[in-house]
Ligand code: ADP
Ligand code: MG
Ligand code: MG
């Protein structure tokens, strides 16, 4: 993990959110208030602008991720902004600026990000939230790292696990966030936040191919 990969990750994520904005809007219209596509496109668009800002000095991986997190928290009004933003920030803060960010170290950073997400949102796996994609992605990355896989392989395992977790939200009943107000009627719809989480991890895997 280096600055160039981190920038590509952010760029790819911003592109995916803008490309899939309508899909996220449709998903959030079914079980929420229909703003998740706009929230993610605006949030990651702002993150891209901050990171591309030529007047800023070249940042380290941890600085980029902390800046991305702060921007998401300040720009996105919905539940997803503080949750995603704090997770990115926690990831950045877990990575030491001076140390080489190898695969096990990044795995530990992702675990810190998931901890923060769950501390703030109090969601557990099965509640039909972004945690249902985030948690399996973090576990898959960690398992790959512990078995000696390189960063690229671990990132692909995480993306695959996030997508499986995203699909697994369809039959769940929502127990957190706006979708929980629907009770049983939330069943049969894919969670928007789990979907955008899958885009974040796929964007990381794709960044390793650049
Ligand atoms: P809002 O619901 O405030 O309009 P968004 O539409 O941007 O915010 O985001 C909705 C997504 O946020 C949901 O699909 C879900 O994945 C996630 N979410 C909501 N509440 C929580 C929570 N307490 N913990 C984790 N994720 C949550
Ligand atoms: Mg919404
Ligand atoms: Mg909203």
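We did not get these values from a lab; they are worked out from the coordinates using the rules stated. This structure is a prediction, so every number in the text was calculated from the model and none was measured. Glycine gets a Cβ as well: all are built from the backbone with ideal geometry, and neighbour counts include every protein chain shown.
Per-residue ellipticity at 222 nm, computed for the chain from helices alone with -39500 (n - 2.57) per DSSP H run of at least four residues, works out to -22500 deg cm²/dmol. By the count of neighbouring beta-carbon atoms within 10 Å, fewest first, 22, 163 end up ordered 22, 163.
Alpha-carbon geometry of the range 3-207: the Rg and the Dmax are 15.8, 51 Å, given in that order.
Taking each residue as 0.36 nm, the span from residue 187 to residue 146 lengthens on full extension beyond its C-alpha to C-alpha distance by 11.2 nm. Summary value for the range 3-207: 22 percent relative contact order, contacts being C-alpha pairs under 8 angstrom separated by 6+ residues. Rounded if a/c is under 1.5, else prolate if a/b beats b/c, else oblate: with a ≥ b ≥ c from the C-alpha gyration tensor eigenvalues square-rooted, which is the range 74-190? It comes out oblate by the Cα gyration axes. Springs join every pair of Cα atoms under 10 Å in this Gaussian network model of the chain, and among 83, 65, 120 the largest mean-square fluctuation is at 120.
For the chain, the longest principal axis of the alpha carbon atoms and the long axis of helix 36-52 meet at an angle near 10°. The separation of the range 56-117 from the range 156-189, counted between C-alpha centres, amounts to 24 Å.
Compared with the dominant Cα axis of the chain, that is its longest principal axis, helix 103-121 is turned about 40°. Extending 7 Å from Cα along the Cβ direction at residue 4 and again at residue 74 yields two label points whose distance is 3.0 nm. Highest GNM mean-square fluctuation among 119, 190, 173, for the chain modelled with Cα contacts below 10 Å: 119. Relative to the dominant Cα principal axis of the chain, helix 3-19 is inclined by about 20°. Exposure proxy shown here: for 28, 96, 127, the number of other Cβ atoms within 10 Å sets the order, fewest to most, as 96, 127, 28. Return, ordered by residue number, the residues of the range 119-140 whose backbone nitrogen is under 20 Å from a label point located 7 Å along Cα→Cβ of residue 175. Those under the cut-off are 119-139.
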